[in-house]
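Visitor: Below is a structure I'd like to ask you about.
The values are calculated or read from the model by the stated rules, or taken from the named source; none is laboratory data. Source: prediction; values computed, not measured. A quick note on method: Cβ atoms are made from the backbone with ideal geometry, for glycine too, and the neighbour counts reach across all protein chains shown.
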Amino acid sequence: MRKLLLLFFAGWCAATGTLPAQELLPRPRRAVFGKGTVRCNAVRRDCMPAETGAGARLLFSELFLDSIPEKGCPVLHLSVFSADSPEAYRLRITPDSVVVRAASGEGFLRAAQTLRQLSDGKRLPCCTIEDSPAYAWRGAMLDVSRHFFPLSFLKRQIDALSRFKINRLHLHLTDAAGWRIEIKSRPKLTEQAAWRPQASWKAWWNGRRDYCTRETPGAYGGFYTREELKELVRYASLRGIVIIPEIEMPGHSEEVTAVYPELSCTHRPHGEADFCPGNEATFAFVEEVLQEVMEIFPSEYIHVGGDEAEKKAWPSCPLCQRRKEELDLASTDDLQAWMMRRVGDFLLARGRKMIGWDEITADSLSGNTVVMVWRGEERAAEAVRRGHDVILAPGSHCYLDSYQDAPHTQPEAIGGLLPLERVYSYRPGETLDAAGQRHVLGVQGNLWTEYIATEEHAEYMLYPRMLAIAETGWTGNRKGTYADFRKRAQAATDRLHRELGIRPFDLRKETGPRPESLTPLHHKAVGAKVSYRHTFSPYYPAAAEATLTDGLRGGWNHGDGRWQGFVGKEGLDVLIDLKQRQKISRVEVSFMQSAGAEIFMPAVLTFYTSDDGENFTPIGLFRKEPEKTDRPVYEQRIWKGKSRTRYLRVQALPGKQGGWIFADEIAVF
Ligand code: ACM
Ligand code: ZN
């Protein structure tokens, strides 16, 4: 039977290539649509097997009438089958019956979620579907520290995400900007470190970074009580989502050391990001907090951060140094690794496993720790080499706080450019070998909220990009085309808006790539040799010496490989050899500014001609101190005139604020 079914599917796939208009997202492993439909309110529910699970029962009862089957009416049959994944399911819809087979309660829930997508509220199309996920972990992370989002918002996201079979919601509950979880044994955390005088993270970060109490006039912040979080865990569980709490350590902990200064090396009550691992009080704190976290969250995994610890005070802290000597550790990195191992062992002794950001990777880490990769897949390779499972959330494809379209058309974001197409292009684990790929638990989209203060803005950043994560996680590397996905994502976000009031980014309004980047520019200097009087940064070489005269202009993002970056007071200073003395009447240099990334327009731009490449005559000078802008700016600086020259020298110097200069082309006409 199974073989026959597979042959049938193979034939269909070859014949049609894509799904018909049913718009399922994520795309199922195999689907065949037949003729005809069945009316949902005509279907009667047969008895449900014990495995069905509360979440699936709820959804089935929303979809179908709950009554004894009558003679002749279509019936919903549920049964269990064995499969590799507990989320596997099969559906067969005919005019007479809706047959659902699933490997477990999770599988029934995934089947019910597919039925909901198939239904227009009245009817289901006749079809046969065989489905299971590529990855067991399909996550979404919300940063509720930088800005606080109420429980109702989290529930709405659970409603939305579960429709696309996302099955993990990672809450970044603690960070410098605010502690967001009630801890009974440490009430000061929520009395004094969950509130701040400024609502905007940017204003707070650029200011004094103080905390305050809830009663302070104008106080911004909030936290979730234990009961609220337990309710959220139940709510999510019914919808097939496990909540993963994250408690940051040893860095990103300024809010903790503000109220418990004794936990940092210096005991300064302000601005200390790191815990002191030399102090036993740190472990007493961490263990008390994690104990309560485990009481609230039943998840197999607990996330303990571990990223970007500065460890600035550790080398001069007597307690840290004593610890290092006692343990015979070579470096402060080893001291962090020891701390993470100790915390991991604490969790393990209580039946839980630790997840940390990829900075926690170290030889001493226990094997069952899971590494969440954010800096790039090369970090995944390091972790799997040491035997760890990994969750892939590289910033290059999974950081949804980046701009999703031309930055000047978007609300201010932290920087970078990550349009839907790029999120969808992610092929998880592609850079790993087969053994490494077996360690990939799944993928995750992360929404950091430094620049995201409102629920509406958060949804705008999440959708539709989280749908691309959902499809990548479910289908792995057997994805279809982006054009097909985009159509389904458009339909799915429209439906999210209609049915749940979600406010997504409207793909119909997408600007798309920077027009200048799409067509090569023809000019006199294309292919000309460029000598660097001050060289470009090795971090942003673009196409090295060819960049500025290759006729190719950059896109919206300074890191796209077309923009060349210069840092230092010498700025950009290049000599272009036009091969022979010739007339020039116009020179265009395009620069970009992205103040968040410390990239600015040049303050002084000088054009020189020269016949020998050594003696220069200035022909044009522009002076303008760059103004800070919230969003990236792209500008051409143009010299016009009449001149004859063999060499052209272009010098662009930074203004008072220093930073970077980025250029993509010097066009000569
Ligand atoms: C991170 O983005 N620092 C995990
Ligand atoms: Zn210390």
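Visitor: Does residue 456 satisfy being surrounded by fewer than 23 Cβ atoms within 10 Å (Cβ to Cβ) and within 30 Å of residue 588 (Cα to Cα)?
Guide: no
Visitor: Follow-up. Assess whether residue 533 counts as being within 25 Å of the chain's Cα centre (by Cα) and either crowded, with 18+ Cβ neighbours inside 10 Å or not in a loop (DSSP other than H, G, I, E, B) (or both).
Guide: No: the conditions fail for residue 533.
Visitor: Right, another one. If I filter segment 339-348 for residues that are of a type outside the set (A, V, I, L, M, F, W, C), under 23 Å from the mean Cα position of the chain (by Cα) and within 20 Å of residue 307 (Cβ to Cβ), do I get at least one hit?
Guide: Scanning segment 339-348, I find no residue that is of a type outside the set (A, V, I, L, M, F, W, C), under 23 Å from the mean Cα position of the chain (by Cα) and within 20 Å of residue 307 (Cβ to Cβ), so the answer is no.
Visitor: Moving on. Of the conditions (1) touching a strand residue (DSSP E or B) at 6+ places or on another chain (Cβ under 6 Å); (2) surrounded by 14 or more Cβ atoms within 10 Å (Cβ to Cβ); (3) at pLDDT 90 or above, residue 55 fails just one. Which one is it?
Guide: Single failed check for residue 55: (1).
Visitor: Which of the numbered conditions does residue 293 fail, given that it passes all the others? Conditions: (1) under 28 Å from the mean Cα position of the chain (by Cα); (2) within 16 Å of ligand 2 (Cβ to nearest atom).
Guide: (2)
Visitor: Can you pull out the residues in segment 351-378 that are surrounded by fewer than 20 Cβ atoms within 10 Å (Cβ to Cβ) and within 16 Å of ligand 1 (Cβ to nearest atom)?
Guide: 375, 376, 378
Visitor: Could I ask something else about it? Which pairs do you get when a residue that is over 14 Å from residue 251 (Cα atoms), found in segment 276-287, comes within reach of a residue that is of a type in the set (Asp, Glu), reach meaning Cβ atoms under 9 angstrom, with the pair 6+ apart or on two chains?
Guide: If the second residue must be of a type in the set (Asp, Glu), the pairs left are 279/262; 281/262.
Visitor: Separate question: In this structure, is residue 390 within 16 Å of ligand 1 (Cβ to nearest atom) and touching a residue at least 60 places away in the same chain (Cβ under 8 Å)?
Guide: no
Visitor: Oh, and also: Given the structure, is residue 518 in contact with a Lys or Arg (Cβ under 8 Å, 6 or more places away or on another chain) and on the phi < 0 side of the Ramachandran plot?
Guide: No: the conditions fail for residue 518.
Visitor: A further question on this structure: Please pick out the residue among 235, 211, 260 that is hydroxyl-bearing (Ser, Thr, Tyr), modelled with pLDDT of 95 or more and in contact with a strand residue (DSSP E or B) (Cβ under 8 Å, 6 or more places away or on another chain).
Guide: The conditions single out 211.
Visitor: If we scan segment 347-361, do we find a residue that is under 27 Å from residue 398 (Cα atoms), touching a strand residue (DSSP E or B) at 6+ places or on another chain (Cβ under 9 Å) and polar (S, T, N, Q)?
Guide: Checked against the condition, which is being under 27 Å from residue 398 (Cα atoms), touching a strand residue (DSSP E or B) at 6+ places or on another chain (Cβ under 9 Å) and polar (S, T, N, Q), segment 347-361 yields at least one hit.
Visitor: Among (1) among the basic types (Lys, Arg); (2) within 30 Å of residue 437 (Cβ to Cβ); (3) surrounded by fewer than 24 Cβ atoms within 10 Å (Cβ to Cβ), there is one condition residue 138 misses while meeting the rest; what is its number?
Guide: (3)
Residue by residue, here is whether (1) basic (Lys, Arg); (2) exposed (fewer than 14 other Cβ atoms within 10 Å of the Cβ); (3) not in a loop (DSSP other than H, G, I, E, B) holds:
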{"site": "554", "(1), (2), (3)": "no, no, no"}
{"site": "558", "(1), (2), (3)": "no, no, no"}
{"site": "562", "(1), (2), (3)": "yes, no, no"}
{"site": "581", "(1), (2), (3)": "yes, yes, yes"}
{"site": "596", "(1), (2), (3)": "no, no, yes"}
{"site": "626", "(1), (2), (3)": "no, no, no"}
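Visitor: Turning to a different aspect of this structure: Among what's in segment 280-290 and is over 28 Å from the mean Cα position of the chain (by Cα) and buried (at least 20 other Cβ atoms within 10 Å of the Cβ), pick the residue that is farthest from ligand 2 (Cβ to nearest atom).
Guide: Step by step, filter segment 280-290, then rank; the result is 285.
Visitor: To continue, here is another question. From the residues in segment 296-331 that are within 16 Å of ligand 2 (Cβ to nearest atom), aliphatic (A, V, I, L, M) and surrounded by 15 or more Cβ atoms within 10 Å (Cβ to Cβ), which one is farthest from residue 257 (Cα to Cα)?
Guide: 329
Visitor: Checking the condition within 15 Å of ligand 2 (Cβ to nearest atom) and closer than 24 Å to residue 347 by Cα, which residue from 237, 253 passes?
Guide: The match here is 253.
Visitor: Continuing with the same structure: Looking only at segment 619-632, decide whether some residue is among the small types (Gly, Ala, Ser) and in contact (Cβ under 8 Å) with a residue 40 or more places away in the chain.
Guide: Scanning segment 619-632 turns up no residue that is among the small types (Gly, Ala, Ser) and in contact (Cβ under 8 Å) with a residue 40 or more places away in the chain.
Visitor: Now for a separate question. When you scan segment 547-589, how many residues do you find that are within 15 Å of residue 515 (Cα to Cα) and over 30 Å from the mean Cα position of the chain (by Cα)?
Guide: 1
Visitor: So, in segment 334-350, of the ones that are of a type in the set (D, E, K, R) and closer than 15 Å to residue 249 by Cβ, which residue ends up nearest to ligand 1 (Cβ to nearest atom)?
Guide: 341
Visitor: When segment 598-615 is examined, which residues are found to be among the charged types (D, E, K, R) and either touching a residue at least 60 places away in the same chain (Cβ under 8 Å) or in a strand (DSSP E or B) (or both)?
Guide: 598
Visitor: Okay, moving on. Do we have residue 415 as more than 22 Å from residue 467 (Cβ to Cβ), within 15 Å of the chain's Cα centre (by Cα) and not acidic (Asp, Glu) here?
Guide: Taking the combined requirement at face value, the residue satisfies it.
Visitor: Residues in segment 475-508 that are in a helix (DSSP H, G or I), touching a residue at least 24 places away in the same chain (Cβ under 8 Å) and touching a helix residue (DSSP H, G or I) at 6+ places or on another chain (Cβ under 9 Å): how many?
Guide: Residues meeting the conditions: 11.
A quick yes/no check of all residues on (1) in contact with a His (Cβ under 9 Å, 6 or more places away or on another chain); (2) within 16 Å of ligand 2 (Cβ to nearest atom); (3) assigned to a loop (DSSP other than H, G, I, E, B); (4) acidic (Asp, Glu):
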site: 233; (1), (2), (3), (4): no, no, no, no
site: 247; (1), (2), (3), (4): yes, no, no, no
site: 257; (1), (2), (3), (4): yes, yes, no, no
site: 262; (1), (2), (3), (4): no, yes, no, yes
site: 270; (1), (2), (3), (4): no, no, yes, no
site: 274; (1), (2), (3), (4): yes, yes, yes, yes
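Visitor: Restricting the first residue to segment 363-376 and requiring it to be within 17 Å of residue 248 (Cβ to Cβ), which pairs with a second residue that is within 16 Å of ligand 2 (Cβ to nearest atom) meet a Cβ separation below 8 Å and a spacing of at least six or different chains?
Guide: Correct list of pairs: 369/340.
Visitor: Regarding residue 613, is this residue under 25 Å from residue 411 (Cβ atoms) and of a type outside the set (Lys, Arg)?
Guide: No; evaluated as a whole, the condition is false for this residue.
Residue by residue, here is whether (1) surrounded by fewer than 24 Cβ atoms within 10 Å (Cβ to Cβ); (2) under 25 Å from residue 56 (Cβ atoms); (3) touching a residue at least 40 places away in the same chain (Cβ under 8 Å) holds:
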{"residue": "164", "(1), (2), (3)": "no, yes, yes"}
{"residue": "217", "(1), (2), (3)": "yes, no, no"}
{"residue": "230", "(1), (2), (3)": "yes, yes, yes"}
{"residue": "241", "(1), (2), (3)": "no, yes, yes"}
{"residue": "248", "(1), (2), (3)": "no, no, yes"}
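Visitor: Six or more apart or on different chains, Cβ atoms under 7 Å: show the pairs whose first residue is in segment 195-208 and free of Cβ contacts under 8 Å to residues at least 24 places away in the same chain and whose second is of a type in the set (Ser, Thr, Tyr).
Guide: Qualifying pairs under 7 Å: 197/216; 198/220.
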